[in-house]
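Remarks on the structure that follows.
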Amino acid sequence: MSIMAVNKVDLKPKDYKSEVPVVWCPGCGHYGILNAIYRALSEAGVDPSQLICISGIGCSSRSPYFINSYKMHTLHGRAGAVATGAQLVRRDLAIMVLGGDGDGFSIGGGHMPHLARKNVDITYVLFDNGIYGLTKGQYSPTSRPEMKAYTTPYGGPEEPMNPLLYMLTYGATYVAQAFAGKPGICAELIRGGLEHRGFSYINIYSQCPSFNKVDTIDHYRDLMESVPRDHDVTDLGAAITLARQSSEGKAPMGLLYKVERPTLDQRMQVMIDQVGGHPDYDLNQIVDLNRP
Ligand code: SF4
Ligand code: MG
């Protein structure tokens, strides 16, 4: 989303906490990500009354309840589609999608490429724990073959997908990654996503100690390597090279890619301006896109 249209406020991270008690298991990585979101919202100065957090289904999809904002808890995998509609009709709001790997890339997999290629002006934070936690441990699109769960007692028969490569390939204009054990870095990357005009995708590895016994916090500490200081974030080829590390035993941490490209709402505005005044196509009466 663009926070250019959102009132700047001076609030502490704790002011973004809602009254709803957080109900995740002890040791869940999602706590670190939630704290990073509070911090990012505080640092970006987002007015809670101009913030919508949208989610699908899953442990991480509960996070909107814990944030002082408007919220929509939608259908499994459909948060991105709902957020697209919300962004087009309310360009005066900051819009975040918060959800997990199964929700985003399996049930919602059909929506993900379109968020990226359309450059929908939202910030998508994906809590990637390589498992379905809420339904008590089924392997997900990002599970490693070593991960044994109820549905894969001997390990998995599939290779995990690579969310970074996916997002870069489909045209996301802001792509970053970190893990829950580094909430400061997570906050910095989420804030960057909030301030980016276009589709921002932040993949955050998160340990699920209750059901995923291989992707521990120590595993992520060994796995992650900071993006080199001299990495050019506008170089798609260099970003793809870094993203491929995730399929080769290492994973980049930091901002991989950031470019400017017209967003879906900007391009629709151009169309509306072109048909403006046509007696049969008064689109502004259907959808008010004249907001800043
Ligand atoms: Fe976190 Fe896993 Fe518990 Fe869900 S099941 S709250 S992901 S530890
Ligand atoms: Mg998951």
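Between the Cα long axis of helix 264-275 and the first principal axis of the chain there is an angle of about 20°, rounded to the nearest 10. The ranking of S60, S42 by Cβ neighbour count inside 10 Å, starting from the fewest, reads S42, S60.
Reported to the nearest whole Å, the Cα centre-to-centre distance from the stretch 1-37 to the stretch 163-186 is 18.
Helix 183-195 and the longest principal axis of the Cα set of the chain meet at an angle near 20°. Using only Cα coordinates, the Kirkwood hydrodynamic radius of the stretch 140-195 works out to 13.5 Å.
Any idea what angle helix 79-89 forms with the longest principal axis of the chain, computed on alpha-carbon atoms, 0 to 90 degrees, nearest 10? Approximately 20 degrees, to the nearest 10. The Rg/Rh ratio of the chain, with Rg taken over Cα atoms and Rh as the Kirkwood radius over Cα pairs, comes to 0.98. For the stretch 1-121, the Cα gyration tensor yields ellipsoid semi-axes of 22, 20, 11 Å (square root of five times each eigenvalue, largest first, whole Å).
Helix content alone sets the calculated 222 nm mean residue ellipticity of the chain: runs of n ≥ 4 DSSP H residues at -39500 (n - 2.57) each, divided across all residues, give -8500 deg cm²/dmol. Each principal axis of the stretch 1-60 carries a Cα extent, and these read 36, 24, 19 Å when sorted largest first. With 21 Å as the limit on Cα-Cα distance, the pairs of K14/K71; K71/K258; K118/K182; K136/K182; K14/K182 that go past it are K71/K258; K118/K182; K136/K182. The packing ranking, built from the mean of other Cβ atoms within 10 Å per residue, places the peptides 90-99, 130-139, 259-268 in the order 90-99, 130-139, 259-268, highest first. Seen from G109, the other residues with C-beta closer than 13 Å to its C-beta sum to a net charge of -1, counting Lys and Arg as +1 and Asp and Glu as -1.
Comparing V275, V89, V20 in a Gaussian network model of the chain (Cα springs below 10 Å), the most mobile by mean-square fluctuation is V275.
Readers should treat all values here as calculations from the given coordinates under stated rules, not as data from a laboratory. A quick note: this is a predicted structure, and the numbers were derived from the prediction, not measured. We place every Cβ from the backbone using ideal geometry, glycine too, and count neighbours over all the protein chains shown.
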